[in-house]
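Quick note: the coordinates plus some simple rules give every number you see, no bench work behind them. The structure presented is a predicted model; accordingly, all values stated were derived computationally and were not measured. Here Cβ is always computed from backbone atoms with ideal geometry, including for glycine, and neighbour counts include all displayed protein chains.
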Amino acid sequence: MRRRIDMTEVEAATKIRAKYLRALENEEWDLLPGPTFVKTFLRTYAEYLDLDPRLLVEEYRQRYERPSTQELTPFGPGRGGRRRQRPRRHWGPGLVIGIGVVALLAALYGLSLLGQDNQPEAPVAASPTATAKPKKTVTATHHHKPARPTRVTLRLSATAPVYVCLENASGHPVLNGVTMSAGQRSATFRSKRFRANLGNGNVRFRVNGHSYRAADTGNPVGYEFRPTGRPRRLSEAARVQLCR
């Protein structure tokens with residue numbers, strides 16, 4: 001809230017769903033998938049806000065994680081940690097009886113087969129011809145890669161007062177030397193390319209659904225925005241030519 005960052009921007013930058021981000025802020029751990037995800041989300045969110053992720057994760061472990069069952073289970077008194085040995089069973093007589101039963105069943109089965117060999121064979125009835133089932137035709141599925149964007153969708157958000165000059169691909173200024181106040185957002189512009197001249201780095205860019213922050217150098221800075229890739233810094237000579 002102090003940095004005036006919208007929750008949708010955080011969700012797009014960290015790839016964490018907004019409901020999980022709100023659960024982190026409200027310490028509603030039951031709404032999150034599990035302790036492993038909680039610590040991963042804490043690290044990612046802290047790094048995005050320029051906080052120390054180790055302190056947040058350590059505080060979560062000390063306050064909310066439960067010790068493992070192995071650490072809580074004491075040893076029984078007088079056992080010395082040794083398992084109680086079970087008495088050995090003697091399988092000698094039972095094993096001999098079992099082998100005898102199996103041998104007897106095998107002999108009876110052999111006699112029954114000999115009796116069947118002396119009987120005349122019954123005529124075999126002709127079975128109806130089975131109808132061949134049609135084979136299924138497997139159609140290969142081709143996975144097409146999504147087409148690369150050809151236009152830039154751009155929106156600017158000021159985190160502090162900043163001078164802005166923004167030109168589209170035809171060199172027409174869509175923001176002709178305006179001063180944006182803290183928390184102010186521009187309209188959403190679309191073009192094949194944009195070039196910006198900024199009075200300082202107090203600006204966040206929303207480029208084709210991705211969030212970026214201008215470099216805080218303390219001096220004016222220029223950027224070029226294309227359909228693919230991150231915003232590219234302009235040279236000083238190219239920056240001063242904008243909105244003249």
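Give me the extension gain from Tyr109 to Ala237: residue separation times 0.36 nm, minus the current Cα-Cα distance, reported in nm with one decimal.
Numbers: separation 128, 0.36 × 128 = 46.08 nm, distance 10.10 nm.
Extra length available between Tyr109 and Ala237 comes to 36.0 nm.
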Cut-off 14 Å, label 7 Å out along Cα→Cβ of Ala215, residues of the range 166-201 by amide N: 198, 200-201
Spin-label zone in the range 8-31 - amide nitrogen under 19 Å from a point set 7 Å from the Cα of Asn208 along the C-beta vector: 9, 12-15
Mean Cβ-within-10 Å packing, highest first, puts peptides 35-47, 97-109 in the order 35-47, 97-109
Nearest-0.05 FRET efficiency for Ala169 and Gln62 at R0 = 41 Å, using Cβ-Cβ distance, is 0.15
Rounded to one decimal in Å, the inverse mean reciprocal Cα-Cα distance for the range 191-243, i.e. its Kirkwood radius, is 11.4 Å
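If you take the square roots of the eigenvalues of the alpha-carbon gyration tensor of the range 152-240 and sort them as a ≥ b ≥ c, do you get rounded (a/c under 1.5), prolate (a/b over b/c) or oblate? Working shown, then result.
On the way: a/c = 1.30, a/b = 1.15, b/c = 1.13.
Since a/c stays below 1.5, the shape of the range 152-240 is classed as rounded.
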About its Cα centre, what dipole magnitude does the range 7-64 give when the only charges are +1 on Lys and Arg Cβ and -1 on Asp and Glu Cβ, stated in debye to the nearest 20? 240 debye
Give the aspartates and glutamates whose C-alpha is closer than 12 Å to that of Lys192, dropping any in the same chain fewer than 8 places away, or say none. Glu167, Glu224
Can you give me the distance in nm between label points at Arg43 and Leu31, each placed 7 Å from the Cα along the Cα-to-Cβ direction? 2.4 nm
